[in-house]
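Notes follow the structure.
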Amino acid sequence: MTALRLNLAADINRAHELADAKAGEAIGHAIEAGKLLLEAKAALPHGEWLPWLESNIWVTPRRCQQYMRAAQGKPVVTKALFGPDEPAKPNTKSISHLEVAAPRLIPGDADPDFVPEVHLCYGHARVDGTLYLVEPSSRHPGFFFVSRLDKDDEHYDCTRRPIGAQWVEGSLQYYGLASPAAVAWKVKESAGVLTAMETFDGVMA
């Protein structure tokens, strides 16, 4: 048995005080997030709330719901506010021998250099054989699907839902295309697609 370290009790009490203080701060931030979410929801047309969350917010809809409940003064379970968030369910489906796995999105720059035009589809083949595609959504004008096809690994990654034009650059960078604005894109007119990779062959031919 080792001897008790001098000031050990004081250190424990100090850590407890800091934990209490940080918990209070965290609850305040959760309530603030809830207020902002309620503001966004009130401003969106019917049916656009969940797509907007998916495209713009980093946490799950369930966590957002808990933040909004906290902002409204409704009872919430602390774990639901600050526990591990449920992982996003990947939109995985088989297309021939390819696997689709969509990661959660990362934010682009506030003022991106590459912003796709609404009625255009973009394709680019990198020297290493990696292919990139940006396709406009037919259901959500101004939103796009972003895809990366890796021929060597025989799989592709894509955004699960269309994302805002200002987020396309950040998603391409997430997929490994460092400077989308500097790329010589192949461009084709497009009426829009319902799912990613619908116009791949037409653009890359």
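The values are calculated or read from the model by the stated rules, or taken from the named source; none is laboratory data. All values reported here derive from a predicted model rather than from experimental measurement. Cβ coordinates were reconstructed from backbone atoms using ideal geometry, including for glycine residues, and neighbour counts include every protein chain displayed.
Look through the range 151-183, keep the residues that are among the basic types (Lys, Arg) and more than 16 Å from residue 125 (Cβ to Cβ), and return whichever of them is modelled with the lowest pLDDT. This residue is 160. Scoring residue 201 on the criteria (1) farther than 30 Å from residue 49 by Cβ; (2) in a helix (DSSP H, G or I); (3) at pLDDT 85 or above leaves a single failure, condition (3).
Looking at the range 1-11 only, could you name the residues that are exposed (fewer than 11 other Cβ atoms within 10 Å of the Cβ) and either at pLDDT 75 or above or of a type in the set (Gly, Ala, Ser) (or both)?
Passing the criteria: 3, 7, 9, 10.
Considering only residues in the range 58-77 that are without any contact (Cβ under 8 Å) to a residue 12 or more places away in the chain and in contact with a Lys or Arg (Cβ under 9 Å, 6 or more places away or on another chain), the one that is farthest from residue 163 (Cα to Cα) turns out to be 75.
In the set (1) surrounded by 24 or more Cβ atoms within 10 Å (Cβ to Cβ); (2) modelled with pLDDT of 90 or more, the condition left unmet by residue 186 is number (1). Remark: pairs (first residue in the range 173-189, assigned by TED's automatic domain parsing to the domain that holds residue 158 and assigned to a helix (DSSP H, G or I); second residue buried (at least 17 other Cβ atoms within 10 Å of the Cβ) and among the acidic types (Asp, Glu); Cβ separation under 8 Å; 6+ apart in sequence or on different chains) = 180/169; 181/169.
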